[in-house]
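As structure tokens, the structure follows; a few thoughts come after it.
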Amino acid sequence: MNNGSSNSTALSATGQGRSAPTGVPASGAPGAATDGRVPSTGPVPAVPASAAEDALANPRYARFVTDLLGIVAYGELSGFERLSSDARFSPSLADRANLGRLAVQEFEHFERVGRFVAELGVTIDDAMAPFQSSIDAFHERTRPGDWYESLMKAYVIDAFSGDFYRSLADSLDPRTRRLISTIDSGEGAAQLQRRLKEALADDPRLASRLALWGRRLVGEALTQAQRVGFEREYLAGLLFADEANQTQHTTALFSQLTRNHSRRMSALGLTA
């Protein structure tokens, strides 16, 4: 991976009964947050009052969560494969070990999501399958040219995905929200940033190439988020709630994702 609201009301998946578009749980106030948080998209399938304490008891809502976690799981599995493969080309043994640790972290995330999905009565393979070809195509379009581009891809895409997932969390039920909060690169992001800064300091000629690569990556990531939403009915309900609010929701979400990316590039001394 808090925008958009409506005059209609419905019970949120969080059980707080905030204002939301009819038939969906509540969202936050329109507009982008000023603290760098991605706006919550808000619209997700409704949870009736009888299921407020366990939103996942609602089959329609559970299917929405399964779709979302299918994307998360396949993204984490792909990240594990990508980092494991890229580690072979590291310029030092220390770099190789560090990327290996990050790969293990991605696989741990994948297994955590898989256990959660299994509790919903769905195999992780079935949850991921609808998104495999689309995510594989994304990685094919963004194949790095060398180890430094691989490092930048991990830095940009992992952070973008984390922002996107967290943008949904406020509108989800407590159990799913807690799970998503654990799918965070954490120290991994700081480690990638430090290593990229070192590389840029050692070879300033990398700056223009990695800045251009970063712009391409975030552009592809934004397109991918839209494509997946359109392809899947339940995720389309998240990103594109209704025609009246579609532009507002998507503009606020993607604008904040882009601003967050710009701040991360600035931290590297690069222009987004």
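The values are calculated or read from the model by the stated rules, or taken from the named source; none is laboratory data. Given the structure is predicted, the values throughout are model-derived calculations rather than measurements. Virtual Cβ from ideal backbone geometry, glycine too; neighbours counted across all protein chains shown.
Residues in the range 187-208: is at least one surrounded by fewer than 18 Cβ atoms within 10 Å (Cβ to Cβ), modelled with pLDDT of 85 or more and touching a Ser or Thr at 6+ places or on another chain (Cβ under 8 Å)?
No: zero hits.
Report, ordered by the first and then the second residue, all pairs with beta carbons closer than 8 Å, sequence separation of six or more or different chains, a first member in the range 187-212 that is among the hydroxyl-bearing types (Ser, Thr, Tyr), and a second member that is at pLDDT below 95.
Note: no pairs meet the criteria.
Out of 155, 148, 165, report the one residue that is hydroxyl-bearing (Ser, Thr, Tyr), farther than 17 Å from residue 85 by Cα and touching a Leu at 6+ places or on another chain (Cβ under 9 Å).
On the way: 155 fails: farther than 17 Å from residue 85 by Cα; 148 fails: farther than 17 Å from residue 85 by Cα.
Only one candidate passes the filter, namely 165.
Do you know which residues across the range 43-66 are at pLDDT 50 or above and within 23 Å of the chain's Cα centre (by Cα)?
55, 56, 60, 61, 62, 63, 64, 65, 66, listed by residue number.
When you go through 69, 120 one by one, which is the residue that is under 17 Å from the mean Cα position of the chain (by Cα) and more than 26 Å from residue 203 (Cα to Cα)? Walk me through it before giving the result.
Numbers: 120 fails: under 17 Å from the mean Cα position of the chain (by Cα).
Sole residue among the options that is under 17 Å from the mean Cα position of the chain (by Cα) and more than 26 Å from residue 203 (Cα to Cα): 69.
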